[in-house]
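The next block holds one structure in the form of C-alpha cells; read it before the comments.
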Amino acid sequence: MAVDSGDAAAMAVAVTGTRTVAPAKTKVTLATFDLPYITFYYNQKLLLYRLPQGAADFQDVTARMADALGDALAYFYPLAGRIRQEKGDGGALYVDGEEGAEVVEAAAEGVSVDQLAGEDCGEEAEKLMQQLIPYTGVMNLEGLHRPLLAVQFTKLKDGLAVGCAFNHAVLDGTATWHFMSSWAELCRGAAAPSALPIHNRAMARSVRVGLTLPASAEAHEKTDPNGPKKPLVARVFSFSEPVVARIKANANAALPPGAKPFSAFQSLGAHIWRSVSRARELGPADITVFAVFADCRARLDPPVPATYFGNLIQAVFTGVPAGMLLGGPPELAAGMLQKAIGEHDAAAVTRRLDEYEAAPKLFHYSDAGPNCVAVGSSPRFRVYDVDFGFGRPERVRSGGNNKFDGMVYLYPGRGGDSGGIDVELALQPEPMQRLEKDEEFLQIAAA
C-alpha cells in the first residue's frame, strides 16, 4: 500500500533545536612580533595637503574623511579596539572592542603649507609641526586605556594637515601605509579597499607570551640605564635621484667581478652611518652600531602575504669600531649592512622569536646599541599616493615620538620623486650642526 507523501515528510524531519549564530568577535591576540614595541611610543605621521581653489570647505572635507575613516575601521578593526590583558598582570595581550578612533579638529590658519613643507624648514616650523600630530609622548602600553589610532585634522591657511598616531604594538610601517592608502581609496569613493587586510596573526607566530607591564610610561623610563633622554634636533636631508645614484656608484666602484652589488638602501645607509659617526667625533675605538627594522613578511617560511596586518619586523644589527668604519672605504660599511640583512633569513627570525619568548623583555631606546644609527620606515612605502580626493600630499613627515639619538626615517623624495630619498634624522644639537656643514655627507661638491 502506498504511503501518503505528506505523512512521510512529516515523519522524516524533526526540528531538534534553533539558535542564532553571530560573527566571531574581533579579538586579536598580539603576536611575539608585536610585543617588543609595547614600551615604544605611538608612531606619528604627518601629511600636508594643499587644498585647490574651489575645493569644498574644511568642514565638508573633514566630514567626508571622517566618514571614510569609519568605513576603513570596519576592515582594519584592530585600530578601533583597545589593548587588553588576559588574567591580569603577566597575561597575554590582545586587542578587542569597538570603542573607535579619536578624531581631533584644530586650526592654524596663519600657517601656510609652504612654511611646513618647504625645503628650508627651521626650528620654529619643526616645533609647530609637532603640534599638528596627536599623542606626543604617549607610550604604546597606554593603549590599554586610550584609542589605538588618533587623527588630527588641522586647517591651514591654504591647506590641510592630517596628523595620525598609531599604536606601534598593533602595527608596523607596512601595515600603517596599507591602512592609509585604503582609507584614502574609500574617501575617493571606492566600495572596498583594493587590498583587504589579513588579521590572523597566528600565520606569523602562534605562541602566546605573557608580559608584566610597568605601572606607567614614567615608571618604565626610570629604569633606563642611560638615564633621561638628551635634547635632540630633527632635520630632513633630501637626496635627489642623481645623488642617490652617485652614492650607490661610489659604494660599488671597487667591488670585484661577480660580487653582489650593493643596493641603493645599503649604499645610502652606509653613507649616513659614516657621516653621523664623523659628526659625533667618535674615537677610533668607540663602537658604533647600525640597526635596520627589517620587514620579515617575505623572510618567513612560508612567507606571509604583504597584506598581513600587524607587526612583522625585527631589528637587524651590525657594529664596528669607528676607526675601522671611517678609515675604510665606503664598500666596507655597505658590505656590513648587506651581510647583516642577507643573513637575517627565516632561521634567524625564528631564533630571535625563541629568544624573546624564553625571556620577554621591555625595551628602551638604549638597547639599540652604542652610538647607534637606526633606520625605520622605507622609501618603498608609497606615502605620496595617499590621495583623499584633493591631490597628493605636499610633504610627509614623522612626529617626535620614537626619535632617539641617531634615529632615521627614510621616505621617497618629496612629491614621490622617482629614485630620490628624504632622510629624516634626529641627533643631538652639536653633531647635527657639524652634519649640516659636511659637504661630503650632503654631496653638494660633486656635480
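At q = 0.10, 0.16, 0.17, 0.21 Å⁻¹, what log₁₀ I(q)/I(0) does a Debye calculation on the Cα points of the range 229-331 give, no solvent, two decimals? With no solvent term, the Cα-only Debye profile gives -0.40, -0.95, -1.03, -1.22.
Ligands, DNA and RNA excluded, the heavy atoms of HIS145 present near 150 Å² of accessible surface to a 1.4 Å solvent probe.
On a per residue basis, the range 323-426 carries 37 Å² of accessible surface, using protein heavy atoms and a 1.4 Å probe. Given in Å, the Rg to one decimal and the Dmax to the nearest whole number for the Cα atoms of the range 224-436 are 17.7, 54. As a length-normalised measure over Cα pairs under 8 Å and 6 or more apart, the relative contact order of the range 20-219 settles at 35 percent.
Ligands, DNA and RNA aside, VAL21 has an accessible area near 120 Å² when probed at 1.4 Å.
What's the ranking of 103-116, 322-335 by average number of surrounding C-beta atoms within 10 Å, highest first?
Order by mean packing, descending: 322-335, 103-116.
Can you work out the FRET efficiency for the pair SER216 and THR307, with r the C-beta to C-beta distance and R0 = 35 Å, to the nearest 0.05? Given R0 = 35 Å and the Cβ-Cβ separation, E is 0.50. Along its principal axes, the range 20-219 has C-alpha extents of 53, 45, 24 angstrom, given from the largest down.
The mean sequence distance of close C-alpha pairs (under 8 Å, at least 6 residues apart), as a share of the length of the chain, puts its relative contact order at 22 percent. Using a simple spin-label model with pseudo-atoms 7 Å out from Cα toward Cβ, THR136 and VAL104 lie 0.9 nm apart. One decimal place: the segment ALA359-ALA14 gains 118.6 nm when fully extended, by the rule 0.36 nm per residue minus the C-alpha distance. Hey, if you drop one equal point scatterer on each alpha-carbon of the range 87-141 and run the Debye formula without solvent, what base-10 log of I(q)/I(0) do you get at q = 0.24, 0.30 Å⁻¹? So the normalised log intensities are -1.10, -1.28. In the calculated pair-distance distribution of the chain, the portion above 40 angstrom amounts to 23 percent of the Cα-Cα pairs. In the complete set of protein chains, residue-level accessible area for ARG274 is approximately 30 Å², probe 1.4 angstrom.
On full extension, the segment bounded by GLN428 and ASN200 gains 78.0 nm, given 0.36 nm per residue less the C-alpha separation. When the listed pairs LYS45/LYS155; LYS155/LYS230; LYS339/LYS403; LYS45/LYS403; LYS87/LYS222; LYS260/LYS339 are checked against a 22 Å cut-off, the alpha-carbon distance exceeds it for LYS155/LYS230; LYS339/LYS403; LYS87/LYS222. A simple spin-label model places the labels of THR350 and HIS145 4.1 nm from each other, with each point 7 Å out along Cα-to-Cβ.
For the range 317-447, what is the convex hull (Cα atoms) projected area averaged across all directions, in square nanometres?
So the Cα hull casts an average projection of 11.5 nm².
Taking all C-alpha pairs of the range 75-115, those more than 11 Å from each other amount to 74 percent. Subtracting the Cα-Cα distance of ARG246 and ALA74 from their residue separation scaled by 0.36 nm leaves 57.4 nm.
Say R0 is 51 Å: what FRET efficiency, to the nearest 0.05, do ALA190 and ALA285 get from their beta-carbon distance?
FRET efficiency, ALA190 to ALA285: 0.35.
The 1.4 Å probe gives accessible areas that order CYS121, CYS296, largest first, as CYS121, CYS296. Two numbers describe the Cα atoms of the range 188-238: Rg and Dmax, which are 20.5, 51 Å. Mean-square fluctuations from a GNM of the chain, with a 10 angstrom spring cutoff on Cα atoms, peak among PRO78, PRO284, PRO225 at PRO225. Only protein atoms count toward the accessible area here, which uses a 1.4 Å probe; on the range 183-267, the carbon and sulfur part of that area reaches 58 percent.
The values are calculated or read from the model by the stated rules, or taken from the named source; none is laboratory data. Since this is a predicted model, take the numbers as computed values, not measurements. Virtual Cβ from ideal backbone geometry, glycine too; neighbours counted across all protein chains shown. Ligands, DNA and RNA are excluded from the accessible area calculation, which covers all protein heavy atoms including side chains. Shrake-Rupley method; radii C 1.70, N 1.55, O 1.52, S 1.80 Å.
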